[in-house]
Amino acid sequence: MTEMAPRSTRIIGQLRAEAGRGIVRMEDVYDTDAADLWSALTRPERLARWIAEVDGDLVPGGEFAILFTSGWEGPGRVEVCEEPRRLVVITGRKPDETTIEALLTPEGARTRLVVEERGLPLTELAAHGAGWQAHVEDLTAHLAGQERGDWHARWKQLDPVYREIDARRG
């Protein structure tokens, strides 16, 4: 068994609640331009390298099937696709659908990415926070030309941290 190298303890996520549902927000700046980051967020062959296998119509109104590296799978649809700055998708089935929104903002040669997933059960908020941070760390690796990490192992490291954040949100 290969031991996982220690990863940064930098926490880039925030947890909050609105109208009885949870919101996870990730924000970071990436060493790439908006076009490259947009491609990593919207092209199935690139998505498969860091977050999920996606099959279907990735156009506004299009429906797709998704299998995340976390193991979650289900349907989705594209609500908004404003290249290269805003993407909104809905995942899951009613009444458990969630909205995932990605906003890209150029900052010189770099790009700020904000990802929010809204509509989460409050009891699962910390787990989703840890999961999203593991996903965006894998995005960082992908953009640097590296392989993604062991998502489950990283989630286990981050979960207690996000549980503490959630308890303070309380």
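Descriptive notes on the structure:
- Carbon and sulfur %, accessible surface of the chain computed with the full protein complex present, 1.4 Å: 50 percent
- Placed amide H near residue 97: partners under 5 Å, 5+ positions off or other chain: none
- Extended-chain gain in nm, criterion 0.36 nm per residue less alpha-carbon gap, residue 109 and residue 16: 30.4 nm
- Taking the helices alone, the chain has a mean residue ellipticity at 222 nm of -10000 deg cm²/dmol, built from -39,500 (n - 2.57) per DSSP H run of at least 4 residues and averaged over all its residues.
- Normalising the average separation of contacting C-alpha pairs (under 8 angstrom, six or more residues apart) by the number of residues puts the relative contact order of the chain at 25 percent.
- Shape category assigned to region 1-94 from the gyration tensor of Cα positions, a/c cut at 1.5: rounded
- Taking region 67-157 and dividing mean pair separation by its residue count, relative contact order in percent (alpha carbons under 8 Å, at least six apart): 17 percent
- Sites listed here are GluC sites (Glu not before Pro) in region 72-101 whose DSSP assignment is loop and whose Cβ has at most 16 other Cβ atoms within 10 Å: 97.
- Accessible surface computed residue by residue for region 20-170, with neighbouring protein chains in place and a 1.4 Å probe, gives 50 Å² per residue.
- The distance between label points at residue 144 and residue 80 comes to 3.1 nm (points 7 Å beyond Cα on the Cα→Cβ vector).
- Normalising by residue count, the chain has a Cα convex hull of 120 Å³ per residue.
- The GluC sites (Glu not before Pro) of region 129-170 that DSSP puts in a loop, and whose beta carbon has at most 14 other beta carbons within 10 Å, are 147.
- Estimated inter-spin distance, residue 101 and residue 43, nm [label 7 Å along Cα→Cβ]: 2.7 nm
The values are calculated or read from the model by the stated rules, or taken from the named source; none is laboratory data. Since this is a predicted model, take the numbers as computed values, not measurements. Neighbour counts are summed over all protein chains in view; Cβ atoms, including those assigned to glycine, are modelled from backbone coordinates with ideal geometry. Keep in mind that these areas ignore ligands, DNA and RNA; they rest on the heavy atoms of the full protein, side chains included. Shrake-Rupley method; radii C 1.70, N 1.55, O 1.52, S 1.80 Å.
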